[in-house]
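Report on the structure given below.
Read-outs throughout are calculated quantities, based only on the coordinates presented, and are distinct from any laboratory measurement. Keep in mind that this is a model prediction, so the values were computed, not measured. A quick note on method: Cβ atoms are made from the backbone with ideal geometry, for glycine too, and the neighbour counts reach across all protein chains shown.
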């Protein structure tokens with residue numbers, strides 16, 4: 001049903017790969033990673049990290065973060081941008097009660113690197129605690 005067209009100054013661009021429309025209709029697309037902050041997955045309190053479909057452009061001095069929390073009944077994930085100091089200092093729990101236990105926390109710099117809560121990647125990571 002979709003056709004790529006440009007008519008009377010309007011443009012329609014169709015594609016089916018992840019983020020392929022970021023450079024559609026003549027747009028320049030995402031800036032070079034060296035001139036912007038990382039693109040990170042951005043969700044709070046999702047039961048499965050695969051349920052997160054939101055992205056956030058972080059500030060130049062920020063990193064991506066993912067936390068896996070044990071709420072007692074299940075696990076939930078918080079994902080988004082944060083300051084690097086947060087990764088190496090006391091954890092932020094984003095509105096959870098003190099009984100919620102962080103199982104894993106990971107910070108990293110490359111685009112979309114906050115899809116897994118494990119050590120590795122670039123930047124400080126905290127596993128367990």
### Task
Could you run through region 1-30 and say how many residues are touching a strand residue (DSSP E or B) at 6+ places or on another chain (Cβ under 9 Å), part of a loop (DSSP other than H, G, I, E, B) and surrounded by 11 or more Cβ atoms within 10 Å (Cβ to Cβ)?
4
### Among (1) under 17 Å from the mean Cα position of the chain (by Cα); (2) within 17 Å of residue 110 (Cα to Cα); (3) surrounded by fewer than 20 Cβ atoms within 10 Å (Cβ to Cβ) - the single one residue 66 does not satisfy
(3)
